[in-house]
Amino acid sequence: MTGKDVLKNALTSTQGYLAMYLGDFTDAELLVRPVPGANHIAWQLGHVIMGEIGMVGPQLPDAKFPELPTGFAEAHDSKNATGDGPEGFLTKAEYLALFDKVRAATVAALATVTDADLDRPTTGSVAAYAPTLGALFQIASDHTLMHAGQFTVVRRKLGKPIVF
């Protein structure tokens, strides 16, 4: 197994965990906060989607990420993290479809680099926490898993069964 294989496995497995944790959620449940002031799942999904595009896109400008819906960035920026209404947020099906397209673009971008490229330094602000392309792909996977883990708290609050 190569480094690229490990990273692809991490990216696809965390994609599966995210879908599994949200499998029995309704659209309305995406707006439930675990505690007052915490981000709801809808905002977190947008944050993960935008984060992945924002991290990987500048490092691999030939990557073909999907266009985000009109108003998506504004609804999911840090200033709107505490918005309670459904305005600007998507349905579960729309989030999952968009996340799958973004993750497919990330995996396709990974396929264009060599194992040696994984040691290539990143540039810009991402270099502080992902100094190489290999670390960047790992962070994209970790970021998804970190937020999916936060979804489990909402699952418990709603009385949903443990899924993993």
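The values are calculated or read from the model by the stated rules, or taken from the named source; none is laboratory data. This structure is a prediction, so every number in the text was calculated from the model and none was measured. Don't worry about glycine lacking a Cβ; one is built from the backbone with ideal geometry, like all the others, and counts go over all protein chains shown.
Put simply, of Thr144, Thr122 the only residue that is modelled with pLDDT of 95 or more, surrounded by 15 or more Cβ atoms within 10 Å (Cβ to Cβ) and in contact with a strand residue (DSSP E or B) (Cβ under 7 Å, 6 or more places away or on another chain) is Thr122.
Of all residues in the stretch 76-116, those that are modelled with pLDDT of 95 or more and of a type in the set (Gly, Ala, Ser) total 8. Scanning the stretch 147-160 for residues being buried (at least 19 other Cβ atoms within 10 Å of the Cβ) and of a type in the set (A, V, I, L, M) gives a total of 2. At least 3 residues being under 22 Å from Ala10 (Cβ atoms) is the threshold, and among the helices (runs of 4 or more DSSP H) wholly inside the stretch 45-164 those reaching it are 92-111, 133-157.
Taking first residues from the stretch 138-159 that are more than 14 Å from Phe25 (Cα to Cα) and partners that are surrounded by fewer than 20 Cβ atoms within 10 Å (Cβ to Cβ) and of a type outside the set (A, V, I, L, M), the Cβ contacts under 7 Å between residues at least 6 apart in sequence or on separate chains come to Ile139/Tyr129; His143/Gly51; Leu145/Tyr17.
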